[in-house]
Amino acid sequence: MTDKEQPALWKKHSSQIDPAIMAFMIGEDIRLDAELLPYDIQASRAHVQALQRIDILDESECSALCAALDECLEQFRAGSFSLDGRFEDGHSAIEFFLTEKLGDTGKKVHTGRSRNDQVLVATRLWLKDQLQHLHSLCAAMAGILLERAEQDNLPMPGYTHLQRAVVSSSGHWCAGFAEAMLDNLSLVAAAYDLINSNPLGTAAGYGINLPLDREYTTSRLGFARLQLNPMYAQNSRGKLELHALHCLHQVLLDIRRLAWDFSLFCSSEYNFIQLPERYTTGSSIMPNKRNPDFIELLRGTPAVCQGAITEINGLLALPSGYQRDLQLSKAPLLRAFRHGLAALRLLPDLLRGFVWQAPAMLAAIEPSMLATDRAIELVNQGVPFRQAYQQVAEQLQRLSEQDIEQAAIHSIAERVSPGASGHLRLDLLHARLGQLTETASLDESNSG
Ligand code: ARG
């Protein structure tokens, strides 16, 4: 077989399909299916074993197919498995491999399945791994941010409208992003729960005239439950991908805000933090500069995910059942997760490594930022709030007479409303992190 020839797995007529048409239909599938291939092989193994349970395969055929699938995986890992333009996709490359190796036994592997449920199950298993990574990264970020909030609670300005407003603290900032990551952990677990259902055995979208043991493949592949209706299995392609992308997007939106803060905080105008040197780059023209390029690329990351969501949303205007348009959902999905997780993987190190610049943070606190505190002190002496507000407003000048460092420290300590700088309730955040990460794997924490 030459590079140009299609392997004749299900060719119905002798004339070759026009290569340009074929190339268009294959699109990026070969490259994308390479990422899904290990999951496809895993699901193929479960399918073969399920076929033996209903006597479509005998024991020796089943073990020959399983051994060949193992070999396929080994070759894939070693980089010697042929997945190239001769194949329409990864699914046909696997079937071709088995047929070449085992002859008639190989030709039995596709009994009772379609590439339609094959791609669903491989994507589903892949997505579960991606969400598990996302979950671990959110947990790691939450843990580090809580640690940083515990380590120090330095005075810094709290802003509204980007204007200096009241005294706040570094612990307040860290605990805020930690809590965001806790919410994200819940989101990811919920998406994981939806995705944790087995579409294998739904064939082309209408089931099959065989009593397939779908419960067996469900537990064998580690799914929490069956995705029961074959048509819905097809209709959920893209829908579940969007759920996963929405979770990733939410995490990246929090990180975008964090990156925005960092890019302000590390500028000379603020100078509130120092980034680890490895996260900065030099300028090609200005010898004096260190630029926060990494932070800016981080800030841009949600755009890639948003693009993927838009692209898949656009594809899903479809009637029920499998339509080839759905193939186009793979590229944006894989790209967004690859890009998003690559960014997030660097966050734990960054969050551990940045250094607060206490003197500059303090220097940015103006005495007038104590005005709200003073008004509340008057309230405690029995003055109605609006009156206290006016009294302080008239005497703002007087605030500048105090020792700002002592006043700022006092201000933080007195901010005792739950969650605020003087009462961060890190214990509650820790407890929630503990609950959300009770089990190392999301599989154990999901009830199905
Ligand atoms: N590459 C295809 C996809 O991602 C696999 C399924 C092909 N099914 C079909 N009926 N042509 O959708």
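The values are calculated or read from the model by the stated rules, or taken from the named source; none is laboratory data. This is a predicted model, so every value here is computed, not measured. Quick reminder, even Gly has a Cβ in these numbers, built from the backbone with ideal geometry, and neighbours come from all protein chains shown. When the accessible area is computed, the model is the full protein with side chains, heavy atoms only, and any ligands, DNA or RNA have been set aside. Shrake-Rupley method; radii C 1.70, N 1.55, O 1.52, S 1.80 Å.
Just Asp349, Asp261, Asp18 to compare: in a GNM of the chain, with alpha carbon springs under 10 Å, which one fluctuates most?
Comparing Asp349, Asp261, Asp18 in a Gaussian network model of the chain, the most mobile one is Asp18.
How much of Lys239 can a 1.4 Å solvent probe reach, expressed as accessible area in Å² and rounded to 10?
90
Give the total of Lys-Lys pairs in the chain with Cα-Cα distances below 28 Å; include a pair only if its members are 8 or more places apart or on different chains.
18
Note the angle between two axes, namely the Cα long axis of helix 239-265 and the longest principal axis of the Cα atoms of the chain, as a number of degrees from 0 to 90, rounded to the nearest 10.
Computed tilt is about 30 degrees.
At a 1.4 Å probe, what is the % contribution of carbon and sulfur to the accessible area of segment 271-364? Present the calculation step by step, with values, prior to reporting the outcome.
Details: 2540 of 4650 Å².
Percent of accessible area from carbon and sulfur atoms in segment 271-364: 55.
Be a star and scan segment 126-145 for residues whose amide nitrogen sits under 20 Å from the point 7 Å along the Cα-to-Cβ vector of Asp183.
134-145
For segment 60-137, taking Cα atoms only, what is the radius of gyration to one decimal and the Dmax to the nearest whole Å?
Cα only, segment 60-137: 14.3, 46 Å (Rg, Dmax).
Given the options Gly79, Gly382, Gly300, state which has the largest fluctuation in a GNM of the chain using a 10 Å cut-off (strictly under) for Cα springs.
Evaluated over the chain, the most mobile residue of the options is Gly382.
Quick one: length gained pulling Arg425 to Arg31 fully straight, 0.36 nm per residue minus the C-alpha distance? Intermediate values should be presented prior to the final figure.
Values: separation 394, 0.36 × 394 = 141.84 nm, distance 4.83 nm.
The span from Arg425 to Arg31 would gain 137.0 nm if fully extended.
Enter the angle in degrees (range 0 to 90, nearest 10) between the Cα long axis of helix 426-436 and the first principal axis of the Cα atoms of the chain, meaning the one along which they spread out most.
10
Only four residue types carry charge here, +1 at the Cβ of Lys and Arg and -1 at the Cβ of Asp and Glu. Report the dipole size of segment 19-98 about the Cα centre in Debye, rounded to the nearest 20.
On the way: 5 positive and 16 negative charges, 24 e Å.
Dipole size: approximately 120 debye.
In debye, nearest 20: dipole of the chain around its Cα centre with unit charges on the Cβ of K, R (+) and D, E (-)?
Values: 40 positive and 53 negative charges, 141 e Å.
Here the size comes out at about 680 debye.
Multiply the residue gap between Ala204 and Val355 by 0.36 nm, knock off their C-alpha separation, and tell me the result in nm, one decimal place. All intermediate terms of the calculation are to be shown ahead of the outcome.
Values: separation 151, 0.36 × 151 = 54.36 nm, distance 5.58 nm.
Roughly 48.8 nm would be gained on extension.
Over the chain, with the other protein chains present, what is the accessible area per residue in square angstrom, probe 1.4 angstrom?
On the way: 21570 Å² over 448 residues.
Heavy-atom accessible area per residue stands at 48 Å².
Can you find, among Leu442, Ala431, Leu399, the residue sitting farthest towards the positive end of the charge dipole of segment 333-448, where Lys and Arg contribute +1 and Asp and Glu -1 at Cβ?
Leu442
According to the square roots a ≥ b ≥ c of the eigenvalues of the Cα gyration tensor, what is the shape class of segment 194-251, taking rounded for a/c under 1.5, prolate for a/b larger than b/c otherwise, and oblate for the remainder?
Values: a/c = 4.15, a/b = 1.74, b/c = 2.39.
Taking the square roots of the gyration eigenvalues as a ≥ b ≥ c, segment 194-251 is oblate.
Could you order Thr160, Thr281, Thr217 so the one with the most accessible surface comes first? Probe is 1.4 Å. List each step's numbers first, then the result.
On the way: Thr160 75, Thr281 55, Thr217 5 Å².
Descending order: Thr160, Thr281, Thr217.
Using θ = phi - 60° and the Karplus curve 6.51 cos²θ - 1.76 cosθ + 1.60, what whole-Hz ³J(HN,Hα) does each residue of segment 208-216 get, with Gly and Pro shown as x?
These are the phi-based 3J(HN,Hα) values: 8, 7, 9, x, 3, 8, 6, 5, 5 Hz.
To the nearest 20 debye, what charge dipole does segment 336-423 have about its Cα centre, counting +1 at the Cβ of each Lys and Arg and -1 at the Cβ of each Asp and Glu?
Details: 7 positive and 9 negative charges, 114 e Å.
About 540 debye.
For the chain, what's the relative contact order in percent, using C-alpha pairs closer than 8 Å and at least 6 residues apart?
Reported relative contact order: 18 percent.
When the scattering of the chain is computed by the Debye formula from its Cα atoms alone, each counted once and equally, what is log10 I(q)/I(0) at q = 0.13 Å⁻¹?
-1.14
Find which of Val304, Leu264, Ala64 sits farthest along the positive direction of the dipole of the chain, computed with +1 on the beta-carbon of Lys and Arg, -1 on that of Asp and Glu, about the Cα centre.
Val304
Once label points are set 7 Å from the Cα along Cα→Cβ at both Leu162 and Ser268, what is their separation, rounded to one decimal in nm?
1.9
Which residues' amide hydrogens lie under 5 Å from the amide hydrogen of Leu226, considering only partners 5 or more residues apart or on another chain, with H built in the peptide plane?
Asn198
Considering the options Thr218, Asn196, Asn184, tell which one lies farthest towards the positive end of the dipole of segment 166-268, charges being +1 on Lys and Arg and -1 on Asp and Glu at the Cβ, about the Cα centre.
Toward the positive end, the furthest listed residue is Thr218.
Tally Lys/Arg at +1 and Asp/Glu at -1 over every other residue whose Cβ is under 15 Å from the Cβ of Ser411; what's the total? Let's see the in-between values first.
On the way: positive: Arg164, Arg374, Arg415; negative: Glu366, Asp373, Glu377, Asp403, Glu405, Glu414.
So the surrounding residues net to -3.
Which value in nm describes the separation of the simple spin-label points at Met22 and Glu215, placed 7 Å from the Cα toward the beta carbon?
Between Met22 and Glu215, the label points sit 4.4 nm apart.
Given springs between every Cα pair under 10 Å in a Gaussian network model of the chain, which of Ser284, Ser169, Ser400 has the largest fluctuation?
Ser284
Need the C-alpha centroid separation for segment 66-138 versus segment 207-225, integer Å.
18
Can you run phi through the Karplus equation (6.51, -1.76, 1.60; θ = phi - 60°) for segment 350-363 and list ³J(HN,Hα) in whole Hz, with x for Gly and Pro?
5, 5, 6, x, 6, 10, 5, 10, 3, x, 5, 5, 5, 4
Hand me the GluC sites (Glu not before Pro) from segment 342-448 located in a DSSP loop with no more than 16 other Cβ atoms within 10 Å, in residue order please. Working shown, then result.
On the way: sites: Glu377, Glu394, Glu401, Glu405, Glu414, Glu438, Glu444; in loops: Glu438.
Here the GluC sites (Glu not before Pro) that fit, given the DSSP loop and packing criteria, are Glu438.
Could you let me know the centre-to-centre spacing of segment 152-166 and segment 227-246, using Cα atoms, in angstrom?
Between the Cα centre of segment 152-166 and that of segment 227-246, the gap is 44 Å.
Please list Asp58, Asp254 in order of solvent-accessible area, largest first, computed with a 1.4 Å probe with all protein chains present.
Working: Asp58 75, Asp254 40 Å².
Largest accessible area first, the list is Asp58, Asp254.
Cut-off 20 Å, label point 7 angstrom out along Cα-to-Cβ of Leu396: give me the residues of segment 356-378 whose amide nitrogen falls inside.
Hits in segment 356-378 for Leu396 at 20 Å: 363-378.
Hey, could you pull the Cα Rg and Dmax for segment 1-158, both in Å?
In order Rg, Dmax, the Cα atoms of segment 1-158 give 21.8, 78 Å.
Tell me the net charge near Ser441. Cut-off is 12 Å between Cβ atoms, Ser441 excluded, with +1 for each Lys or Arg and -1 for each Asp or Glu. Walk me through the intermediate numbers first.
Values: positive: Lys128; negative: Asp129, Glu438, Asp443, Glu444.
The answer is -3.
Could you give the angle, 0 to 90 degrees to the nearest 10, between helix 115-151's Cα long axis and the longest principal axis of the Cα atoms of the chain?
That works out to roughly 20 degrees.
Averaged across orientations, what area in nm² does the convex hull of the alpha carbons in segment 349-448 project?
Numbers: hull surface 42.8 nm².
Averaging across all directions leaves 10.7 nm² for the Cα convex hull.
Given contacts defined as C-alpha pairs under 8 Å and at least six residues apart, what's the relative contact order of segment 129-263, whole-number percent? The partial results should precede the final answer.
Values: 140 pairs, mean separation 30.4, N = 135.
Reported as a whole number, the value is 22 percent.
Using a simple spin-label model with points 7 Å from Cα along the Cα→Cβ vector, what separation in nm is obtained for Arg345 and Gln435?
If labels sit at Arg345 and Gln435, their model points lie 3.2 nm apart.
What number comes out for the charge environment of Leu429, summing +1 per Lys or Arg and -1 per Asp or Glu over other residues with Cβ under 14 Å away? All intermediate terms of the calculation are to be shown ahead of the outcome.
Numbers: positive: Arg148, Arg425, Arg432; negative: Glu147, Glu150, Glu179, Asp183, Asp427.
Once all neighbours under 14 Å are counted, the net charge is -2.
With all protein chains present, calculate the accessible area of Tyr39 using a 1.4 Å probe and round the result to the nearest 10 Å².
It works out to around 40 Å².
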